[in-house]
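Note sheet for the following structure.
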Amino acid sequence: MKKSLTVILSIAVFILMHCESFSQWVELNSGVSVKLNSLSSIKDLTTWACGNNGTVIKSSNMGDTWSNGNQSGITSGITLNHIYCINQNIVFSSGTDGSSAFLYRTVNAGDSWEVMKQQPGGKLNALHFIDNNTGILIGDPVGGRWSIWKTVNGGTNWDSTGCYLPQNGNEKGFANSLWASGNNIWFGTDNFRIYNTNNYASSWHVQPTGTEKNSVSLWFDFDFNIGLTGNVNLLRTLNSGSTWNVESLPGSGNIVSVTGSAHSRFNWAIRADNKIYLDPHNSTTWELDYSAPNGNYTFITIERNGYFSGAVFALRDNGGISRTYFLALGINTISSNVPERFKLDQNYPNPFNPVTKIRFALPEAGNVNLTVFDITGKEIETLVNGKMEPGIFEADFNASKLNSGVYFYRLSTEKISETKKMILIK
């Protein structure tokens, strides 16, 4: 009886561990205990976060350790709601003291901050930069028009010429609810609509969100025209925002924040139940990925330049930060022993429908790329794209969205590359 009970408990622990966390989330020590509201990270270069009481923290090692990023210039009376790093030295953050909105900039890695723009009333919600000099700033409407400015000199000067967008009723926006790529920009509102421009704010288009009033968070996959938003319900678009449809999501509470990786390999959504939910491979089948050990989640985002494989950060109202590297998602370590040579195995099963496994061996550490493409050479999905240690690994490939046919997969390192064929039969 005692042995049976031990077995049952072991099975229960195994199930709980695997149901609770699909990704390999870890908790980071931010060194602060205030509410964190926004994070900006450039892959393998710099990571910045901001929050209440003028809090700015920074990291040079993807959040493993943090230090004070506001040595002077931003007072404790400022609530910072958005941050955007150009590089490790030049960073912007917007906030409010309750009566005026401020845009701050540091050019010396946070040693000092200066006010680049001040606006009575309203709120400055988000920034986007095309390059180091050209950027756009979007804030809540003031005086019957949305607060939209551009800069062409790295944020020293901001001009609203040609950026006119009238306010509809009493609508306003949300901090961080902006997604952009080049000249294409989307931002959310509390008025059953998302605003979109494809010419860098010269003209704007309304994208209705149906019965969903608030688009509190935005994420888009430009390669596949897929996007997520929502508040009471989670919405998904398959046509870059022209139409939005309600998508089923487990858990309870409103949508807090959404993000995802390129080629829709993985989508994440946070609900007010303080749980992170994952949709692997754009399957629209969401599952519990991780639960906050304490505090309430406020924001989730993916690092820039890590769109195919990198880090995801989730912030909380008590200074907590959760992080996962989604390079590891769907990649299983078979052995950490160093193999004698580079090897790419035939996928199995083959033919397959719709999931198959691809095993490979790496004799040394280095940058690794594992990509699937069709018979015309078009890239279908990047399964691995980043640094890996030596060992034997196995990648899962889900072809549920693809048609029957012949496909290829290629494994490449800095020194060698190999390609094999596989067959999908439905």
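The values are calculated or read from the model by the stated rules, or taken from the named source; none is laboratory data. Here the structure is a predicted model, which means the values were calculated and not measured. Note that we place each Cβ from the backbone using ideal geometry, even for glycine, and neighbour counts take in every protein chain shown.
May I ask you to say which residue of Ser147, Ser99, Ser93, Ser112 is over 21 Å from Tyr200 (Cβ atoms), crowded, with 22+ Cβ neighbours inside 10 Å and polar (S, T, N, Q)?
On the way: Ser147 fails: over 21 Å from Tyr200 (Cβ atoms); Ser99 fails: crowded, with 22+ Cβ neighbours inside 10 Å; Ser112 fails: crowded, with 22+ Cβ neighbours inside 10 Å.
Step by step, each of Ser147, Ser99, Ser93, Ser112 is checked, and only Ser93 is over 21 Å from Tyr200 (Cβ atoms), crowded, with 22+ Cβ neighbours inside 10 Å and polar (S, T, N, Q).
Can you run down the residue pairs with Cβ atoms below 6 Å, 6 or more apart or on separate chains, where the first is in region 229-243 and assigned to a loop (DSSP other than H, G, I, E, B) and the partner is among the polar types (S, T, N, Q)?
Here the result reads Asn231/Asn214; Asn231/Asn254; Val232/Asn254; Asn239/Asn225; Ser240/Asn225; Gly241/Asn196; Gly241/Gln207, each pair linking region 229-243 to a residue that is among the polar types (S, T, N, Q).
Out of region 64-87, which residues are within 23 Å of Ser322 (Cβ to Cβ), at pLDDT 95 or above and not hydroxyl-bearing (Ser, Thr, Tyr)? Spell out how you get there, then give the answer.
The first filter runs over region 64-87 and keeps only residues within 23 Å of Ser322 (Cβ to Cβ), leaving 64-70, 79-85.
Filter again for at pLDDT 95 or above, leaving 65-70, 79-85.
Listed by number, the residues that qualify are Trp66, Asn68, Gly69, Asn70, Leu80, Asn81, His82, Ile83, Cys85.
Being modelled with pLDDT under 95 and over 13 Å from Phe313 (Cβ atoms) is the filter; apply it to region 42-59 and report the residue that is surrounded by the most Cβ atoms within 10 Å (Cβ to Cβ).
At the first step, the residues of region 42-59 found to be modelled with pLDDT under 95 are 42-45.
Among the residues that remain, those that are also over 13 Å from Phe313 (Cβ atoms) are: 44-45.
Details: Asp44: 16, Leu45: 14.
Out of the qualifying residues, it is Asp44.
Among the candidates Trp204, Trp268, single out the residue that is of a type in the set (Phe, Trp, Tyr), closer than 30 Å to Thr371 by Cα and either in the same structural domain as Leu28 (by TED's automatic domain parsing) or modelled with pLDDT of 95 or more (or both).
On the way: Trp204 fails: closer than 30 Å to Thr371 by Cα.
So the residue among Trp204, Trp268 that is of a type in the set (Phe, Trp, Tyr), closer than 30 Å to Thr371 by Cα and either in the same structural domain as Leu28 (by TED's automatic domain parsing) or modelled with pLDDT of 95 or more (or both) is Trp268.
Return yes or no: is Leu39 over 19 Å from Asp317 (Cα atoms) and not in a loop (DSSP other than H, G, I, E, B)?
For Leu39, the condition - over 19 Å from Asp317 (Cα atoms) and not in a loop (DSSP other than H, G, I, E, B) - is not met.
I need the full set of residues from region 73-99 which are among the aliphatic types (A, V, I, L, M) and part of a loop (DSSP other than H, G, I, E, B), in order please. Talk me through it step by step, then tell me what you get.
First pass over region 73-99, keeping only residues among the aliphatic types (A, V, I, L, M): 74, 78, 80, 83, 86, 90-91.
Scanning region 73-99 gives Ile74, Ile78, Ile86, Ile90.
Could you check region 364-397 and list, in sequence order, the residues that are hydroxyl-bearing (Ser, Thr, Tyr) and not in a strand (DSSP E or B)? Walk me through it before giving the result.
In the first step, residues of region 364-397 are kept if they are hydroxyl-bearing (Ser, Thr, Tyr); the result is 371, 376, 382.
Answer for region 364-397, where residues must be hydroxyl-bearing (Ser, Thr, Tyr) and not in a strand (DSSP E or B): just Thr376.
Among the residues of region 398-419, which ones are in contact (Cβ under 8 Å) with a residue 60 or more places away in the chain, surrounded by 15 or more Cβ atoms within 10 Å (Cβ to Cβ) and assigned to a strand (DSSP E or B)?
Answer for region 398-419, where residues must be in contact (Cβ under 8 Å) with a residue 60 or more places away in the chain, surrounded by 15 or more Cβ atoms within 10 Å (Cβ to Cβ) and assigned to a strand (DSSP E or B): Asn398, Tyr409, Leu411.
Output the number of residues of region 351-360 satisfying the condition of being modelled with pLDDT under 95, under 23 Å from Ser336 (Cα atoms) and out of contact with any Asp or Glu (no Cβ under 6 Å at 6 or more places or on another chain).
1
Mind checking whether some residue in region 364-378 is in contact with a Lys or Arg (Cβ under 9 Å, 6 or more places away or on another chain), among the acidic types (Asp, Glu), more than 22 Å from Leu424 (Cα to Cα) and loosely packed, with under 14 Cβ neighbours inside 10 Å?
Yes - at least one qualifying residue is present in region 364-378.
Six or more apart or on different chains, Cβ atoms under 6 Å: show the pairs whose first residue is in region 349-377 and closer than 22 Å to Ile416 by Cβ and whose second is β-branched (Val, Ile, Thr).
Every condition considered, the pairs that remain are Ala361/Ile392; Gly366/Thr413; Val368/Val384; Val368/Thr413; Leu370/Val384; Thr371/Thr382; Val372/Ile380; Phe373/Ile380.
Filter region 250-261 down to the residues that are aliphatic (A, V, I, L, M) and more than 15 Å from Thr237 (Cα to Cα), then identify the one that is surrounded by the fewest Cβ atoms within 10 Å (Cβ to Cβ). Full working, then the answer.
First, pick out the residues of region 250-261 that are aliphatic (A, V, I, L, M): 255-256, 258.
Checking which are more than 15 Å from Thr237 (Cα to Cα) leaves us with 255-256.
Working: Ile255: 25, Val256: 22.
In this case the residue turns out to be Val256.
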